[in-house]
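Quick notes on the structure that follows.
The values are calculated or read from the model by the stated rules, or taken from the named source; none is laboratory data. Predicted, not measured: the structure shown is a model, and the values here were computed from it. We place every Cβ from the backbone using ideal geometry, glycine too, and count neighbours over all the protein chains shown.
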């Protein structure tokens, strides 16, 4: 009777990293394009494969390619959540700590470190001792939140365009 044990999480993660490390630059580029567009033929063509349809089918059957695509998807989701949370704080955040700062006679550095000053874009102390505080634009933050929730194609994003230019530079092509 044999006893099967699962791999410890650390060993499993190391094994997954080794799989991803075995990808060539062209394969990693394919994974990035595929993660953005979900179009295998297009991703393979932009990555420089001669027969994009066949290459995409072959690549999408490999475990290490799928693992890299999943990692990229999760990373992008995390980044989008972080960005969304930041815009949410700008749009709906409290300014009471900034008001306390304005009306305080003495500025204690320990108290400042405890304050939530995330919404502040600029603080100036004038010669007379007055403090001028500028906040980030809440309407712009709301607009960005709205645009993040509005469905749009991946091909329209500036990020996608930057990836294309980087890929062209790696291949030695002129992309402009």
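Key figures for this structure:
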{"read-out": "Test: residue in the range 134-144 that is over 30 Å from residue 22 (Cα atoms), free of Cβ contacts under 8 Å to residues at least 24 places away in the same chain and in contact with a strand residue (DSSP E or B) (Cβ under 8 Å, 6 or more places away or on another chain)", "value": "yes"}
{"read-out": "Within the range 93-120, tally of residues that are part of a helix (DSSP H, G or I) and within 32 Å of the chain's Cα centre (by Cα)", "value": "6"}
{"read-out": "Boolean, residue 162 is within 27 Å of residue 47 (Cβ to Cβ) and surrounded by 12 or more Cβ atoms within 10 Å (Cβ to Cβ)", "value": "no"}
{"read-out": "Any chance residue 123 is outside the structural domain of residue 25 (by TED's automatic domain parsing), in contact with a strand residue (DSSP E or B) (Cβ under 6 Å, 6 or more places away or on another chain) and outside any helix (DSSP H, G or I)", "value": "yes"}
{"read-out": "Which listed residue, of 38, 76, is surrounded by 13 or more Cβ atoms within 10 Å (Cβ to Cβ) and assigned by TED's automatic domain parsing to the domain that holds residue 171", "value": "76"}
